[in-house]
1. Would you mind checking Lys200/Lys333; Lys12/Lys223; Lys237/Lys277; Lys118/Lys237; Lys277/Lys310; Lys325/Lys439 for any pair whose Cα atoms are more than 32 angstrom apart?
2. Taking only DSSP H segments of four or more residues, each worth -39500 (n - 2.57), what value at 222 nm results for the chain once the sum is divided by all its residues, to the nearest 500 deg cm²/dmol?
3. At what distance in angstrom do the alpha carbon centres of region 113-190 and region 255-290 lie from each other?
4. Let a ≥ b ≥ c be the square roots of the eigenvalues of the Cα gyration tensor of region 355-478; is it rounded (a/c under 1.5), or, if not, prolate (a/b larger than b/c) or oblate?
5. Could you tell me how many degrees, from 0 to 90 and to the nearest 10, lie between the Cα long axis of helix 252-264 and the main elongation axis, the longest principal axis, of the Cα atoms of the chain?
6. Once you've got the Cα coordinates, tell me which of Lys122/Lys454; Lys376/Lys404; Lys169/Lys230 are over 29 Å apart.
7. Considering only DSSP states other than H, G, I, E and B, which GluC sites (Glu not before Pro) in region 102-163 qualify as loop sites with at most 10 other Cβ atoms within 10 Å?
8. If R₀ is 45 angstrom, what is the calculated FRET efficiency for the pair Cys241 and Leu220, using the beta carbon separation as r and rounding to 0.05?
Amino acid sequence: MFTGIVLRFLLKELGEIKGLRLRGILRAGNNISLDFKRKSVTAYFDPKYTHLTLKAIRGEGFYQSLFRGERVEEIFQNGLDRLLIFKMGGDLSIVFELFGRRSDCLLLRGKEVIYSIKRVKKGRYEIPIPPKGLDILTTDRNKLLNAILKGENISGLTATFVNRIRTEKRELIEHFVEREYSPTILDDILSPFSLGCGRKFSTMNDAVIQYFSSLEGRDLLEKKRKEILKEIGRGVKRLECAIEDFSSVKDPDDYRLKGEALLTHISEMKKGMKEIKLSYLDKELSVPLEVKLSPEENAQSYFRLYKKTKKKAELAKKGKNKIQKKLEKLRKKRDRILQSEDVEKLLREFDKVKVKKTREKPSHGFREFITDNGYKVLVGKNRESNHKLTFSYARPYDIFLHVKNAPGPHTILMVKDKNKPPPMEDIEEAAIIAVRFSKMSKASLVPVSYTERKYVKSGKRLPSGKVILEREKVIYVRFS
């Protein structure tokens, strides 16, 4: 819940940047960062996690030749809306529209749109009119309290925030309308004002970073939970089908009964009969016969079927019991996951399902894994193994991964089609594997560098196992 009032307090923490020169604009995915040497402003445009922080990120240069070196002439928020404009020299502007799904980053020359990160806005840019409502900073306390309780529009707050906070106890809302500055997180509420409870932070920026980091972590956990349950669901279905197959095995006593009936009434059988109806042990039986066999041979045929089916039924019973135990264990595991709130335990369960080590021992000597989309991931075991994997085994278009600025193995994501890059989710899975075997396996957030193998260089002057990466990109892995 990133609101306009949160943005207002972030700007206060940003301090005076008027007159500072822009060192550059960096882009990492849909995140845009403005670098002012000692200060940075980064906007995140993921629809679900749209927000702004005062921290630097690593990324690729973006419109550097046009904006680098330009001074900040003015920075302003559009009322209490979630819109921020940096007016630069050379009649240039950078606009951050932090509107959730309608978020955008716009680069302007005058009022003409040079670039839109969503690629939907062209031509002349007009600043949106801020939503009407009571001003959260100047409105009387009681009037503000009543407006929240009634769900009215409040400038500086989103409708989502108002609807969420009004579900809390009145005591909490009364704390909020006092507007005592104390950045606070309470469950899914991010507030610049004290709520009387919740986790407090010394700065708004720290609260924003922690809030969205936790939010992404919870969403990742829920995604993993669903993946585990989906995998378990498949396993349950397979086992239930296997039990049905075992249940379909015929009763061996039926064959024994028919064999005994034939021997008892052997005198009634005639050569060439295809079937005979008999009364045996108070049962009426219809017994199919093989015309080429004698009466005695037909009886013996049923006794052989009896022995064969009895053995099969005994095996089926053992197999059914074994599978039933597996099924019960899998169902209990599913129930534990549905009820579990232990994040670390759930992640451990996830690792057992998500990243499956191949069953056969690979002949190449590296650790081998398979991603969900079927991409092979190879991991070196030592310095010699790393060098062999990267420079002798990997192909130029395969993806090389390594934990950034920390000891760890060389990791290679084997690409299926050299003309088609692998999906980002498979690169993320490979990055998780790279972290698992590194010295950073117990860290909560780990940067992992990756690039195509052809951009990985080695040299005689470099220590063994060290490489230089060109065209390097960085992905952050949340790991527990």
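1. Cα-Cα > 32 Å for Lys200/Lys333; Lys12/Lys223; Lys237/Lys277; Lys118/Lys237; Lys325/Lys439; rest within.
2. The helix-only estimate for the chain comes to -12000 deg cm²/dmol at 222 nm.
3. Measuring centre to centre over Cα atoms gives 87 Å.
4. rounded
5. Helix 252-264 and the main axis of the chain meet at about 10 degrees.
6. Lys122/Lys454; Lys169/Lys230
7. Glu126
8. The calculated FRET efficiency here is 0.90.
Here, each number is a calculation from the coordinates, and none is a lab measurement. Given the structure is predicted, the values throughout are model-derived calculations rather than measurements. Here the Cβ is made from the backbone with ideal geometry for all residues, glycine too, and neighbour counts use every protein chain on show.
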